[in-house]
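Working notes, structure below.
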Amino acid sequence: MDKSQLYRALPNIDDILRDPQVGKTIDQCSRVSVLDAARTELEILRQKIGAGAITEPPAFTDIVRSVTTRAHLASQRSLHRIINATGIIIHTNLGRSLLAREAIEAVVEVAGSYSTLEYDVESAARGSRHTHVESLLCELTGAEAALVVNNNAAAVMMVIACFAKDKEAIVSRGELVEIGGSFRVPDVMAQSGAHMVEIGTTNKTHLWDFENAITPNTGLIMRVHTSNYRVVGFTEAPSLPQMVELGTKHGIPVMEDQGSGVLIDLQAYGLPYEPTVQESVASGVTVVTCSGDKLLGGPQAGIIVGKAEAIARLKKHPLARALRIDKMTLAALEATLRLYRDPEKAVRSIPTLAALTMSESASKERAEALATQLFGVDKRIQTTLVKDIARAGGGSLPLADVPSWTVGVAIEGMSESELEQALRLQSEIPIVSRIKDGVVLFDPRTLVADDVEVIVNTMRLLVQ
Ligand SMILES: *Cc1c(COP(=O)(O)O)cnc(C)c1O
């Protein structure tokens, strides 16, 4: 067939829109998105004809299938569910911590109803949004007062701005941390209007380094937890209680950016020592800041706990309004914190903690179950059990190698990178896997809900 015949053989837009399958898609998506999809599809076909890439007229049913797929894809929300089969638990790009069921229910409730956000039911008077989590945070951490803002970066910025704007803030060179590119301690200090005074060296900073740096214009002594790296070997840093003693002697507030928000000693679960928020508070530090969505396992939030006087000053700071937390986050945070009243329950029901503390044998059972399901799908799918390492992620517990059993998968005639790509792009819910030593791995540790079913269905689709 020559090109002009091929062009004429293409259906027109109205033919496509009259198709019952397309009609259904119009109901499900919208007329605009289907019309757009049909125009795009016809344009692509015309280009292919022009380039001589097509010599036979395409089947009408194939055109309809492309149009409906295209329309469905275009009408998908941009922010949507995906499957994390990487074994990286607090995966920042994939949304960090998953919420516990209780927290999800709380979010849904306040999202669709009016709430007590800033309303006191008893007195019918205006209340404060801080009340919903403040007493819980005090109870759990031993602090006198608490305040919650948008995220930990905001918390750190606000504390520095409040105590050290146009003043000096002393920090050890060994703690000038960068977290994921956009959070760098020196930059945050500059933004907050503080003059950074770096002391000590990369590996060693002494208490006298701090003492020598104190001037009449010192506003803050800072300590930053090196959440995402460790300096090991010939190292030294003063303890937090020593720094607090120094601060008290000179009347200077001491802040600690604790980072992870861990509230439970994870050593009991075979994980490396990570200082808890309670320990920081007990050292007598003026304020401690941490994230809500790292090891705490709640929503994105910045938690500030500490001395009543300092928190009262922070609450009055203009940034408190600019950085304030929204009601859905507060609902999720309150519900998450309530679970910590029973630490064992917290470990079981907070997904981040449950995934992190899952035993090696439980992980092996899950991997075996997944491998068995995949084995039954098609003989062209090969599966192997691979013992590997899962990671806390999110810049937390950098030294924790969590032994984890994974399922290595391969499909005959498909390279590992083709398979990895197909799992992302052809699955109804994109599956993010990991390639190691030339094999695609699924780590069931980070799988939730019906993820396994989706994986099995997608593998079935890929061998068809
Ligand atoms: C993660 C982290 C931050 C940034 O917290 P976000 O909640 O991501 O804003 C700041 N400081 C430390 C030490 C951290 O670990």
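The values are calculated or read from the model by the stated rules, or taken from the named source; none is laboratory data. The shown structure was predicted, so the numbers you read here are calculated from the model rather than taken from an experiment. No Cβ is skipped: glycine too gets one built from the backbone with ideal geometry, and neighbour counts run over all protein chains shown. Quick note on the areas: whole protein, heavy atoms, side chains included, nothing else; ligands and nucleic acids left out. Shrake-Rupley method; radii C 1.70, N 1.55, O 1.52, S 1.80 Å.
Structure data summary
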read-out: For the chain, with +1 on Lys and Arg beta carbons and -1 on Asp and Glu, the positive-most of 68, 260, 157 along the dipole; value: 68
read-out: Amide H contacts of residue 436 (H built 1.01 Å from N, under 5 Å, at least 5 apart or other chain); value: 441
read-out: Whole-angstrom Cα spans of the range 348-464 along principal axes, big to small; value: 40, 24, 24
read-out: Beta bridges by DSSP in the range 136-233, antiparallel share as percent, to the nearest 5; value: 20
read-out: With all protein chains modelled, accessible area of residue 163 [1.4 Å, Å²]; value: 20
read-out: Distant-in-sequence amide H partners of residue 195 (H built 1.01 Å from N, under 5 Å); value: 166, 167, 168, 169
read-out: Nearest-10 value in Å² for the accessible area of residue 7, using the 1.4 Å probe; value: 90
read-out: Residue-wise HN-Hα coupling along the range 404-409, computed from phi with Karplus coefficients 6.51, -1.76, 1.60 (Hz; x: Gly, Pro); value: 9, 8, 10, 10, x, 10
read-out: Dipole-positive endmost among 90, 125, 190 within the range 83-206 (Cβ charges, Cα centre); value: 190
read-out: Gyration tensor over alpha-carbon atoms, the chain, equivalent ellipsoid semi-axes in Å; value: 51, 27, 23
read-out: Restraint check, 294/315; 165/327; 3/48, Cα-Cα greater than 22 Å; value: 294/315; 165/327
read-out: Cut-off under 5 Å, modelled amide H: who pairs with residue 301 long-range; value: 152, 292, 293
read-out: Spatially proximal lysines relative to residue 387 (Cα-Cα < 17 Å; intrachain offsets below 8 disregarded); value: 364, 436
read-out: Cross-link reach list, aspartates and glutamates versus residue 316, counting only Cα pairs under 19 Å and skipping chain neighbours closer than eight places; value: 118, 134, 144, 166, 326
read-out: Average accessible surface area per residue within the range 306-464, 1.4 Å rolling probe, Å²; value: 48
read-out: Inter-centroid distance (Cα atoms) of the range 46-116 relative to the range 355-405, Å; value: 25
